[in-house]
């Protein structure tokens, strides 16, 4: 397995106002190997249980790509169904951790989001982005499909929007497209403008009722109570598809273009 799989991680800061900032990173455009996925889900769950935390912000490191999605190095190394199910369950666990977290989660998307990155942006409760934050669901082009992130993406974009991204798997959709379809709440010309607006909203939310925000969070996610089972089933589908020779060839082709 490529050494890059073992790199990356998650950093957390909690300020004295009760704002927790969760920042994930990976040298390959903030891609998501299993280790980082596990850290993300565990971190979000712990912060949800921390009485000192009122609001979460999810971001990635750097000023370019927000998230390149699944780690190709790890995908290509999967050789059996159990390993595949475990890997894709990592995405399911992060989405479910975000869904169950009783605190509102704000997203900060500074650049392009692919695959699982679109799933993360879809799973926050309010999402800021720059004009550079184009989106793409590339899974079908690598022999699988956006099965695990699909429910989260469809929840924000609707089935039509999710289908557009899933079928046009090699095509980028602009940040404006994503905002028009409900993925992003606000888009900005620059990171600086985005961060200024995000801080303004954070300040307002930190002075709001914790119980009221918790209640809103439950309302926002009504109808998703079965997602523990649903996303586990979807992870099994992806875990089986990734074993095909077609998927292996497609991933190697994508890697050769990088």
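Read-outs throughout are calculated quantities, based only on the coordinates presented, and are distinct from any laboratory measurement. Since this is a predicted model, take the numbers as computed values, not measurements. Using ideal geometry, Cβ is built from the backbone for each residue, glycine included, and neighbour counts are taken over all protein chains shown.
Among 209, 31, 60, what is the fewest-to-most ranking by other Cβ atoms within 10 Å? Provide the component values of the computation, followed by the final result.
Values: 209 11, 31 28, 60 25.
Fewest-to-most ranking of 209, 31, 60: 209, 60, 31.
Ranking 17, 99 by Cβ neighbours within 10 Å, fewest first, what do you get?
On the way: 17 12, 99 22.
If I rank by nearby Cβ atoms, fewest first, I get 17, 99.
Report the extension gain between residue 172 and residue 192 in nm, rounded to one decimal, defined as 0.36 nm multiplied by the number of residues separating them, less their alpha carbon distance.
Using 0.36 nm per residue and subtracting the Cα-Cα distance, I get 4.8 nm.
Exposure proxy check: 51, 228, 80 ranked by fewest other beta carbons within 10 Å? Write out the running numbers ahead of the final one.
On the way: 51 7, 228 13, 80 10.
The order, fewest Cβ neighbours first, is 51, 80, 228.
Run through the DSSP bridge list for region 3-257 and note the antiparallel percent, rounded to the nearest 5.
Values: 7 of 28 bridges.
Once the DSSP bridges in region 3-257 are tallied, antiparallel ones form about 25 percent.
When the Cα atoms of the chain are enclosed in a convex hull and the volume is divided per residue, what value in Å³ results?
Details: hull volume 28.8 nm³, N = 258.
Enclosed volume per residue, from the Cα hull, is 112 Å³.
So, by mean Cβ neighbours within 10 angstrom, what's the order for 125-134, 195-204, 215-224 with the highest one leading? Can you show the working numbers first?
Details: 125-134: 22.2, 195-204: 13.8, 215-224: 12.1.
Peptide ranking by packing, descending: 125-134, 195-204, 215-224.
Using 5 Å bins from zero, what percent of all Cα-Cα pairs in region 87-132 falls into each bin?
Calculated P(r), rounded to whole percents: 5, 22, 30, 24, 13, 6, 0.
As I understand it, the value is the acute angle between the Cα axis of helix 150-167 and the longest principal axis of the Cα atoms of the chain; what does it come to in degrees, rounded to 10?
The angle comes out at about 40 degrees.
In deg cm²/dmol, rounded to 500, what helix-only [θ] at 222 nm does the chain give when every DSSP H run of at least 4 residues adds -39500 (n - 2.57) and the total is split over its residues?
Numbers: 10 runs with 128 residues, N = 258.
That calculation yields -15500 deg cm²/dmol at 222 nm.
Could you state the angle between the C-alpha long axis of helix 227-241 and the longest principal axis of the C-alpha atoms of the chain, as a value from 0 to 90 degrees rounded to the nearest 10?
The angle comes out near 30 degrees.
Along each of its three principal axes, how wide is the spread of alpha-carbon positions in region 1-134, in whole angstrom units, largest first?
On the principal axes, region 1-134 reaches 45, 32, 22 Å in Cα extent.
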